[in-house]
Amino acid sequence: MAEKHKKKKMAIMLGLGLDSDGHKRLTTGPNFALLGGSQDTHEAMTEKAIKINEKLAARGKKLEDVSREEFDDIAHAVGLQRRQEKDKPNEKEKDEPESGSS
């Protein structure tokens, strides 16, 4: 009988800098890819990715080993914040027509 191969878990952090100063930037690491952004934005993304990896190493874990909650805790510890639910439009708001005077 053929042996089943266990799929290796993989995870990557992807950073997109949406501001620009005319330069194209790409930085990659073992578990991250950072694209775009001004010099300041790109440096900040790089610093955060490195700090996240340092915190993972301190815990003896790899990115693919942590839960979403644990990743959120680590990301928060390095200064990142998850967008709040109240900032996201809910389904009801998307479906309702905008009211206004015509």
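The values are calculated or read from the model by the stated rules, or taken from the named source; none is laboratory data. Just so you know, these numbers come straight off a predicted model, no measurement behind them. Note: ideal-geometry Cβ built from the backbone for every residue, glycine included; neighbour counts use all protein chains shown.
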For T46, are the conditions met, namely being of a type in the set (S, T, Y), within 13 Å of the chain's Cα centre (by Cα) and closer than 30 Å to H23 by Cα?
yes
Hey, any hits in region 15-25 for a residue that's out of contact with any Lys or Arg (no Cβ under 9 Å at 6 or more places or on another chain), touching a residue at least 12 places away in the same chain (Cβ under 8 Å), acidic (D, E) and part of a loop (DSSP other than H, G, I, E, B)?
yes
Only one of these conditions is not met by L56: (1) modelled with pLDDT of 95 or more; (2) farther than 20 Å from K8 by Cα. Which number is it?
(2)
Please specify each residue of region 5-35 satisfying the condition of being within 22 Å of L56 (Cα to Cα), surrounded by 12 or more Cβ atoms within 10 Å (Cβ to Cβ) and polar (S, T, N, Q).
T27, N31
Just one of the numbered conditions (1) over 14 Å from M13 (Cβ atoms); (2) in a loop (DSSP other than H, G, I, E, B) is not true of H76; which one?
(2)
Among the listed residues A49, A57, which satisfies the condition of being buried (at least 17 other Cβ atoms within 10 Å of the Cβ) and either more than 17 Å from H76 (Cα to Cα) or among the small types (G, A, S) (or both)?
A49
